[in-house]
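One structure is given here, and the rest of the page talks about it.
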Amino acid sequence: MKYFRLKDDIYYPQRWHLGSIINIDNWVFHEHHISLPNALNIELIQDGCETDFTFTAAYIVPIVSEKMKDALMDVKNIRFEPVSVLDRQCSSKYFVMITEETIDCIDEKNSVFDKFQVNDPVRPDLAGKYRVFFDMKVDENKISNSDVFRIENYNLAIIFSEKIVTRLKSLHLTGFKFDPVN
């Protein structure tokens, strides 16, 4: 099966840009077991065309429209929490997409990346974890029928199976693109 990394289409014409979810540490959205307050609100950094998918500017939190959420409702290991966009009357309801599975599946032999080092001056606490990928490849033998997951030791990346990518593209949703990772 083919797999793809979910990316924000930052070149979508006249698109909006969303900022942080307020009153919460936005890094928690990269964890797979989190509890949240009852109401989530997100900042609008730049007004423009709503998209069905957006990563928040600073923390790369995935925000999806109701149409995209409905297309993913039957996919296991993801859940959705409602979020209100501040200072904007939206034409759709929006949700934080929380990916609840991580898989250690990077094909290090065929990927190009940097890792945090033990003596890293900024983040020594992340020693051994991936810092950045220039070319990400996954080993599909380490993936057991998962359609949506994050990468172990690099939880910024969300991976979708070809089946889910095909479904989303057929609905003509906006705001995302997919890069192949195998």
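The table that follows gives values for the structure above.
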{"read-out": "Distant-in-sequence amide H partners of TYR94 (H built 1.01 Å from N, under 5 Å)", "value": "VAL83"}
{"read-out": "Accessible area in the full protein assembly, largest first, 1.4 Å probe, for THR99, THR166", "value": "THR166, THR99"}
{"read-out": "GNM flexibility winner over the chain from VAL118, VAL64, VAL138 (Cα, springs under 10 Å)", "value": "VAL118"}
{"read-out": "J(HN,Hα) series, region 167-182, from Karplus relation 6.51 cos²θ - 1.76 cosθ + 1.60, nearest Hz, glycine and proline x", "value": "4, 5, 5, 5, 8, 6, 6, 10, x, 10, 9, 10, 10, x, 10, 8"}
{"read-out": "FRET efficiency, 1/(1 + (r/R0)^6) with R0 41 Å, evaluated for LYS109 and ALA39 via beta carbons", "value": "0.35"}
{"read-out": "Solvent exposure of region 80-161 as accessible area per residue, Å², 1.4 Å probe", "value": "54 Å²"}
{"read-out": "Long-range HN-HN contacts of ILE45 with modeled amide H, under 5 Å", "value": "HIS17, LEU18, GLY19"}
{"read-out": "Solvent-accessible area per residue for region 1-40 (1.4 angstrom probe, square angstrom)", "value": "60 Å²"}
{"read-out": "Carbon/sulfur fraction of accessible area - region 1-70, other protein chains in place, 1.4 Å, %", "value": "48 percent"}
{"read-out": "PHE113 long-range amide H proximity, modeled H, under 5 Å", "value": "PHE134"}
{"read-out": "Residue with peak Gaussian network fluctuation, the chain [Cα springs, cutoff 10 Å], from PRO82, PRO121, PRO62", "value": "PRO121"}
{"read-out": "For region 142-171 and region 1-19, distance of Cα centres in Å", "value": "14 Å"}
{"read-out": "Greater than 31 Å apart at Cα, pairs in LYS76/LYS169; LYS76/LYS177; LYS137/LYS169; LYS115/LYS169", "value": "LYS115/LYS169"}
{"read-out": "Residue-wise HN-Hα coupling along region 61-70, computed from phi with Karplus coefficients 6.51, -1.76, 1.60 (Hz; x: Gly, Pro)", "value": "8, x, 10, 10, 6, 4, 5, 6, 4, 4"}
{"read-out": "Relative contact order (%) - the chain, alpha-carbon pairs under 8 angstrom, separation at least six", "value": "30 percent"}
{"read-out": "Calculated [θ] (222 nm, deg cm²/dmol) that DSSP helices of n ≥ 4 give over the chain, each run adding -39,500 (n - 2.57)", "value": "-2500 deg cm²/dmol"}
{"read-out": "Listed residues VAL122, VAL132, VAL96, most fluctuating in the chain (Gaussian network, C-alpha, under 10 Å)", "value": "VAL122"}
{"read-out": "Hull volume in cubic angstrom per residue (convex hull over the Cα atoms of region 36-182)", "value": "139 Å³"}
{"read-out": "Longest DSSP-loop-exposure-free segment, trypsin sites (Lys or Arg not before Pro), the chain, at most 12 other Cβ within 10 Å", "value": "1-75"}
{"read-out": "Base-10 log of normalised Debye intensity for region 1-113 (one unit scatterer per alpha-carbon) at q = 0.17, 0.22 Å⁻¹", "value": "-0.88, -1.35"}
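The values are calculated or read from the model by the stated rules, or taken from the named source; none is laboratory data. Just so it is clear, the model here is predicted, and its values are computed rather than measured. Cβ coordinates were reconstructed from backbone atoms using ideal geometry, including for glycine residues, and neighbour counts include every protein chain displayed. Side chains included, ligands, DNA and RNA excluded: accessible areas come from the protein's heavy atoms. Shrake-Rupley method; radii C 1.70, N 1.55, O 1.52, S 1.80 Å.
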